[in-house]
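These notes are about the structure you will find just below.
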There are 2 protein chains.
Amino acid sequence: MKARVHVTLKNGVLDPQGKAIGDALHRLGFPEVEEVRQGKFIELDLTDGDPATAKARLDEMCRKLLANTVIENYRVELLG
Amino acid sequence: MKARVHVTLKNGVLDPQGKAIGDALHRLGFPEVEEVRQGKFIELDLTDGDPATAKARLDEMCRKLLANTVIENYRVELLG
């Protein structure tokens, strides 16, 4: 079973890495770029099991390790 | 216009960060986790324009800055 997790900074949290990417893109000749936000993308292979349990367990993994929920949001997708 | 870029390591390229996440998840009591791969997720706001041009420009951004195409794959989505 495959799962995908996106971890992104919450709105209003400064993103210096995204800002640096945006500035670099401007310097490279891409003036159409307005805002850039960088997040993390994590792909997990899980042993097969009940999808509802897997979803709940993934949620727990995000809260315990993958995301810092004070400043980050996460989104879990189970690909079956 | 919003765009999303996923940058992932190519198959066969070692991913120590993903390995560290997998090991930590095991220690935290998630033995169902097999492989973990970590990638980057970049959200861009672009000034409105022709979608086909924007897609081509995003492709160029990936090749020039966002991805190291020797070891990484990228995927661009334009959200209109």
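Exactly one residue out of A:23, A:15, A:45 is over 27 Å from residue B:48 (Cα atoms) and acidic (Asp, Glu): that is A:45.
Name the residue that is farthest from residue B:69 (Cα to Cα), counting only residues in the range B:8-27 that are open to solvent by 90 Å² or more (accessible area, probe 1.4 Å) and not in a helix (DSSP H, G or I).
Pass one, the range B:8-27, residues open to solvent by 90 Å² or more (accessible area, probe 1.4 Å): B:11, B:14, B:16-17, B:19, B:27.
Filter once more, so that each one left must be not in a helix (DSSP H, G or I): B:11, B:14.
Details: B:11: 12, B:14: 15 Å.
Top of the filtered list is B:14.
Residues in the range A:7-19 that are in contact (Cβ under 8 Å) with a residue 40 or more places away in the chain and more than 9 Å from every other protein chain (Cβ to nearest Cβ): A:9, A:10, A:13.
Total residues in the range B:40-51 satisfying the condition of being over 23 Å from residue A:59 (Cα atoms) and part of a strand (DSSP E or B): the figure is 3. Residue B:22 falls short on exactly one of the conditions (1) in contact (Cβ under 8 Å) with a residue 40 or more places away in the chain; (2) at the interface with chain A (Cβ under 9 Å from one of its Cβ atoms); (3) not hydrophobic (A, V, I, L, M, F, W, C), and that condition is (1). Contact map, the range A:43-57: residues that are facing chain B (nearest Cβ under 9 Å) and in contact (Cβ under 8 Å) with a residue 24 or more places away in the chain paired with residues that are open to solvent by 60 Å² or more (accessible area, probe 1.4 Å) and assigned to a helix (DSSP H, G or I), Cβ distance under 9 Å, separation 6+ or inter-chain. Pairs shown: A:46/A:57; A:49/A:57. Could you please find all residues in the range B:31-80 being polar (S, T, N, Q), open to solvent by 40 Å² or more (accessible area, probe 1.4 Å) and under 13 Å from the mean Cα position of the chain (by Cα)? Hits for the range B:31-80 are B:68, B:69, B:73.
Would you confirm, using the coordinates I've provided, whether residue A:64 is free of Cβ contacts under 8 Å to residues at least 60 places away in the same chain, assigned to a helix (DSSP H, G or I), in contact with a helix residue (DSSP H, G or I) (Cβ under 9 Å, 6 or more places away or on another chain) and not aliphatic (A, V, I, L, M)? Reasoning before the result, please.
Numbers: free of Cβ contacts under 8 Å to residues at least 60 places away in the same chain: yes; assigned to a helix (DSSP H, G or I): yes; in contact with a helix residue (DSSP H, G or I) (Cβ under 9 Å, 6 or more places away or on another chain): yes; not aliphatic (A, V, I, L, M): yes.
Spelling it out, residue A:64 is indeed free of Cβ contacts under 8 Å to residues at least 60 places away in the same chain, assigned to a helix (DSSP H, G or I), in contact with a helix residue (DSSP H, G or I) (Cβ under 9 Å, 6 or more places away or on another chain) and not aliphatic (A, V, I, L, M).
Against the definition (of a type in the set (D, E, K, R) and within 30 Å of residue A:61 (Cα to Cα)), how does residue B:60 come out, yes or no? The answer is no for residue B:60. Only one entry in B:37, B:4 is at negative phi, part of a strand (DSSP E or B) and more than 9 Å from every other protein chain (Cβ to nearest Cβ), namely B:4.
The values are calculated or read from the model by the stated rules, or taken from the named source; none is laboratory data. All values derive from a computational prediction rather than experimental measurement. Neighbour counts are summed over all protein chains in view; Cβ atoms, including those assigned to glycine, are modelled from backbone coordinates with ideal geometry. Calculation scope for accessible area: heavy atoms of the full protein, side chains included, ligands and nucleic acids excluded. Shrake-Rupley method; radii C 1.70, N 1.55, O 1.52, S 1.80 Å.
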